[in-house]
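Take a look at the structure below.
The values are calculated or read from the model by the stated rules, or taken from the named source; none is laboratory data. Owing to the predicted nature of the structure, the values given are computational and were not obtained by experimental measurement. Don't worry about glycine lacking a Cβ; one is built from the backbone with ideal geometry, like all the others, and counts go over all protein chains shown.
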Amino acid sequence: MEDVFESGNTSVLEICCYSTFSPWCEFYGDIPCEKSTGYRKKDFMSKYNYKNIASVYDNLSKQHQWQAPELLFNFLSEFVENETKLLDIGVGTGISSERFHSKQVELYGLDSSSEMLAICKAKDVFKEVFLFDLHKDKIPYPEATFEYVICSGVLHFFSSLEKIFAKISRVVKSNGFFAFTIIENYKNDNPYATETTNGINLYYHSKEYIKSLTNQFNFTNLYEQTFTTIRDLDKRETLDHTLIVLRKE
Ligand SMILES: C[S@@+](CC[C@H](N)C(=O)[O-])C[C@H]1O[C@@H](n2cnc3c(N)ncnc32)[C@H](O)[C@@H]1O
């Protein structure tokens, strides 16, 4: 086991298998784990997190039935107009926004993983992509730049969402759209509940919390769709995510 963590050649699937990480949820997040993780696992995450997964991400997303890209396109493409701009935050390999290229939408992407961004860039449909940390960076565009901002498969790696809503609200145009996914908190009445698996935190957000942020940042709720993903392919465990589309007033 020690060797696996030290090896630079282990395949991502081997790593998932040895480490007992669910390759779909915990594995793809930021590295929010602190003291509980211990040095070795943290090191493991930072060394391998996206570096080895990036090249297989699009295939894995199909296996895990990650339906957000399709649902997002099906809903938002109805509203698409010419000469519009879409910003995808936590863009990864681009799967949640690349389809909008066929609608002549100008695509922009931000992500904290250079390996994921490299795959995204190679698809040659994005106008620009930048390394960016949603925890601490300001979105590098002027106020009211985008008709569409999406954040798909990302917010469950963050506890409080106020600062993220504030950052995003700044760059969405009036009448523009903010589309994102959450994992819903059915566990208790708190704005978010935490689940820690192998030292990786996942956050489940309540609908009430999202509703209060929607009002606070002058959005209205247009659409919600819950869909089921396969969390663990071996155990056939599932996990529901919810796509929410808001419109700026
Ligand atoms: C599960 S993937 C989702 C990728 C893509 N949006 C999709 O729909 O498939 C999560 C993405 O969020 C990115 N990410 C995680 N933490 C981030 C942060 N703090 N700032 C920016 N991106 C982050 C990861 O690099 C990864 O590409």
State all residues of the range 134-165 that are closer than 23 Å to Ser55 by Cβ and free of Cβ contacts under 8 Å to residues at least 24 places away in the same chain; if no residue qualifies, say none.
none
What's the number of the only condition in (1) assigned to a loop (DSSP other than H, G, I, E, B); (2) at pLDDT 95 or above; (3) under 27 Å from Lys207 (Cβ atoms); (4) of a type outside the set (S, T, N, Q) that Phe178 fails to meet?
(1)
In the range 208-236, how many are more than 18 Å from the chain's Cα centre (by Cα) and free of Cβ contacts under 8 Å to residues at least 24 places away in the same chain?
7
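For (1) farther than 24 Å from Thr226 by Cβ; (2) among the β-branched types (Val, Ile, Thr), each residue gets a yes or a no:
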{"position": "Ser77", "(1), (2)": "no, no"}
{"position": "Asp88", "(1), (2)": "no, no"}
{"position": "Phe100", "(1), (2)": "no, no"}
{"position": "Val105", "(1), (2)": "yes, yes"}
{"position": "Ser113", "(1), (2)": "yes, no"}
Any idea how many residues of the range 56-70 are out of contact with any Ser or Thr (no Cβ under 9 Å at 6 or more places or on another chain) and closer than 21 Å to Ile244 by Cβ?
1
Among the candidates Leu243, Leu222, residue that is modelled with pLDDT of 95 or more and in contact with a helix residue (DSSP H, G or I) (Cβ under 6 Å, 6 or more places away or on another chain)
Leu243
For the range 129-138, enumerate the residues that are acidic (Asp, Glu) and either exposed (fewer than 12 other Cβ atoms within 10 Å of the Cβ) or at pLDDT below 95 (or both).
Asp133
Please enumerate the residues belonging to the range 80-95 that are touching a Gly at 6+ places or on another chain (Cβ under 7 Å) and at negative phi.
Asp88, Val91
In the range 56-88, anything part of a helix (DSSP H, G or I) and crowded, with 18+ Cβ neighbours inside 10 Å is listed as Tyr57, Leu60, Ser61, Ala68, Pro69, Leu71, Leu72, Phe73, Leu76
Taking the range 67-79 and keeping residues touching a residue at least 40 places away in the same chain (Cβ under 8 Å) and either more than 10 Å from the ligand (Cβ to nearest atom) or touching a strand residue (DSSP E or B) at 6+ places or on another chain (Cβ under 6 Å) (or both) leaves Gln67, Ala68, Leu71, Leu72, Phe75, Leu76, Phe79
Here the residues within the range 51-66 that are closer than 11 Å to Thr93 by Cα and within 10 Å of the ligand (Cβ to nearest atom) are Ile53, Ala54, Tyr57, Asp58, Ser61
Qualifying positions in the range 89-112 - farther than 15 Å from Asp124 by Cβ and within 12 Å of the ligand (Cβ to nearest atom)
Ile89, Gly90, Gly92, Ser96, Leu110, Asp111, Ser112
